[in-house]
Amino acid sequence: MSREYLDALALSVQVALLATLLNAGLGIPLAYLLARRVFRGKTLIDLLVTLPLVLPPTVTGYYLIVLLGRRGWLGAPLYEVTGWTVAFTWYAAVIAATVMALPLLVRTARAAIESVDRDLEKAAYTLGRPEWRTALEVTLPLAGRGILAGLVLAFARALGEFGATLMLAGNIPGRTQTVPLAIYTAVQTGEAAEALFLVATLTALSCVVLVAAGRLGARAA
Amino acid sequence: MARLEVAIVMGLPGFALDVAWSGDEGVVALFGPSGAGKSLTLNCLAGLTRPDRGRIVVDGRVFFDAATDVEVPPQQRRVGYVFQSYALFPHLTVAENVGFGLRDRPRRLRQERTGVVLERLGLNGLGARRPGELSGGQRQRVALGRALAIDPALLLLDEPLSALDAPMRAGLRDELRRVLRDWGIPAVIVTHDFAEAYRLGDRIVVYEAGRVIQSALCSELLWQPASEAVARIMGIRNILQGTVIKATPDRIQLRWRGLTLEAVNSPTRAYLPPPETPIAFFVRPEYVRLIRKDRGAPDPGHHMNLMSGRIVDETDFGTTWALRLRLDEPGPPAQGEYDLEVEVPRMVYEILEIARDRRWQLSIHRGSIQVLPG
């Protein structure tokens, strides 16, 4: 087994974990706002978050390049000031995975939050609790199971991300090559044994995650 | 100045709320059919919904005043809210639920207060349970305890008994009444059940379609519904239509089904319609007297408003019988198949052998005919 496939495995787990963490930080507040608030631009934000779910991943990747590439809307000023660009680094893989996984978490968590009885929140308000503390003490704990399910989906999606990652981060062995990209390369170059090893590992990892989530979910209920 | 002053104007799609009432009494019952705006009023009192216009004052504290742009958030109103579904936090224990409004106080004070509340509501030993493990009555007490623990300036109860089975309701209604009296906190209670409003409230505010159609002390409302609409919402039976013959400040003579009836005019606000005015009135079924046949002929001086008829329908309610009588007067009966509903205690039904004897003379005291101003 060559060194670069083990690197791919380590990188995949690292990217997926970080993307899940970013999803939690971004997606849970976003899901709460979409579920509970009425504000200008809500429909637009909902649309933007959901779009990667239906667009081909390469199209999402293309938009990410337009936004973050060396000559991108955000990427160009960043490059000018720091001389650094996110494209073709492992951070790019994290960003691509985060964007691709976000709709799964936001949609699942939003539905879970919407199913929490609003009278419980109103009760907390009359008992002196401001909205943010009510969200932390009442709404999110009660939506916890759904949010957890959303995080598991997001992790699984991030682990398997291919198209957008390829566009923004490239396929550089040892630097941005995650397991799905390594499988693709292995198949292309006829390394059947390596491909099989990676496929089996990814399948096993996904099974472990799903079983663990099932256990956690059952305990949370 | 009244302890509670409420004026709310609010427009919603397909519904408009425009109410104003005040109350000095301990418990105000908002009574009326579902969808009349009672719960919305409660939400405005708690600060969970913002009225378009109006003013809400509780014990001298202005909670809301559209004119001066005052709106106290729900967190700062110190209003205890008992929700229809109780809205207990399912992930917290009973003690944590009751102590929820006290989390910013020092731990020792919080535990002390929670203990006192659990004790007073008879929830000792249940502190570690979850709401899901409690009976309906226990849940109600936890919801009350959670609201009372913050020592509220006002307690709001939204249909507090509707989540319970019918057999438990009467018992819990009396228990709720005892708790409200015992804690002495001013309360507003929403209900669509008149018996509940009457048992729990000191003042009853009658809602219909987003408006207040009467606000009165309990006793006053029972005997003097302000209008036919109020009487109907209260579920009063024998609401009848007659014509005025003559009205004086203390008596009203009216014609109904070819009979001349005499009624007492309202002592507080005499109603003086001109002759021939159509007039609604009601006769409580339990106040119609059947005249015993074994005591000689009825004495017109003692038995006023005499009439005769036969029983066309009857229902056994256990402790009472409801009889429907059709009068001997010509013309169609006043209420479909019958003219009057009469309620008699079971013992009277048996002693007078009503099951066998279907023809009766009736008498109604003039004080038992209530005139309803149009």
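Every number here is computed from the coordinates shown, using simple stated rules; none is lab data. Owing to the predicted nature of the structure, the values given are computational and were not obtained by experimental measurement. Virtual Cβ from ideal backbone geometry, glycine too; neighbours counted across all protein chains shown.
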*Estimated FRET transfer efficiency when R0 is 51 angstrom, pair residue B:291-residue B:12 (beta carbons, to 0.05)*: 0.40
*Give me the Debye-computed log₁₀ of I(q)/I(0) at q = 0.09, 0.10, 0.11 Å⁻¹ for the protein assembly as shown, equal point scatterers on Cα only, no solvent, two decimals.*
-0.87, -0.97, -1.07
*Efficiency by 1/(1 + (r/R0)^6): what FRET value for residue B:168 and residue B:129, r their Cβ-Cβ distance, R0 = 25 Å, to the nearest 0.05?*
0.85
*Cα-based convex hull, region B:200-283, per residue volume (Å³, whole number)*: 104
*asked:* List the residue ranges in chain A for DSSP H helices whose C-alpha atoms run 20 angstrom or more along the long axis and whose Kyte-Doolittle average is 0.5 or above.
replied: A:3-36, A:90-114, A:144-159, A:192-220
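Explain nothing, just the number: dipole magnitude of the protein assembly as shown about its Cα centre with +1 on each Lys and Arg Cβ and -1 on each Asp and Glu Cβ, in debye rounded to the nearest 20.
On the way: 66 positive and 58 negative charges, 168 e Å.
Using Cβ point charges on Lys, Arg, Asp and Glu, the protein assembly as shown gives about 800 debye.
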*Counting Lys +1, Arg +1, Asp -1, Glu -1, what net charge surrounds residue B:199 among other residues with beta carbon under 10 Å of its beta carbon?*
-1
*Cα lying deepest toward the dipole's positive end in chain B, options B:31, B:121, B:215, charges on Cβ*: B:121
*Of the trypsin sites (Lys or Arg not before Pro) in region B:74-183, which ones lie in a loop per DSSP and count no more than 14 other C-beta atoms within 10 Å?*
B:103
*May I ask you to list the lysines whose Cα is less than 30 Å away from that of residue A:122, ignoring any residue fewer than eight positions away on the same chain?*
A:42, B:38
*Return the long-range amide H neighbours of residue B:61 (sequence gap of 5 or more, or a different chain), with a cut-off of under 5 Å between placed amide H atoms.*
none
*With axes computed from alpha carbons, what is the tilt in degrees of helix B:166-183 against the longest principal axis of chain B, rounded to the nearest 10 within 0 to 90?*
60
*Quick one: which residues, 5+ away or cross-chain, put their amide H under 5 Å from the amide H of residue B:129? H built at 1.01 Å from N.*
B:94, B:95
_Please report the net charge: other residues with Cβ closer than 14 Å to the Cβ of residue B:254, K and R +1, D and E -1._
+3
*Enumerate the amide H contacts of residue B:245 below 5 Å, restricted to partners 5 or more residues apart or on another chain; note that Pro and chain-start residues carry no placed amide H.*
B:253, B:254, B:255, B:276
*Hey, what do the phi angles of region B:50-61 turn into as Karplus ³J(HN,Hα) couplings, whole Hz, using 6.51/-1.76/1.60 and θ = phi - 60°, x for Gly and Pro?*
9, x, 6, 9, x, 7, 10, 10, 10, 6, x, 8
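Please work out the Kirkwood hydrodynamic radius for chain B, using every pair of different C-alpha atoms, and report it in angstroms with one decimal place.
Roughly 23.5 Å, rounded to one decimal.
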*Whole-Å semi-axes of region B:285-348's equivalent ellipsoid, largest first, each the root of 5 times a Cα gyration tensor eigenvalue?*
20, 18, 9
_Largest first and in whole Å, what are the equivalent-ellipsoid semi-axes of region B:29-149 based on the Cα gyration tensor, each being the root of 5 times an eigenvalue?_
30, 18, 11
*Taking the Cα atoms of region B:117-245, report the difference between the largest and smallest coordinate on each principal axis, in whole Å and largest first.*
69, 31, 24
_Kirkwood Rh in Å, taken over all unlike Cα pairs in region A:134-183_ = 12.9
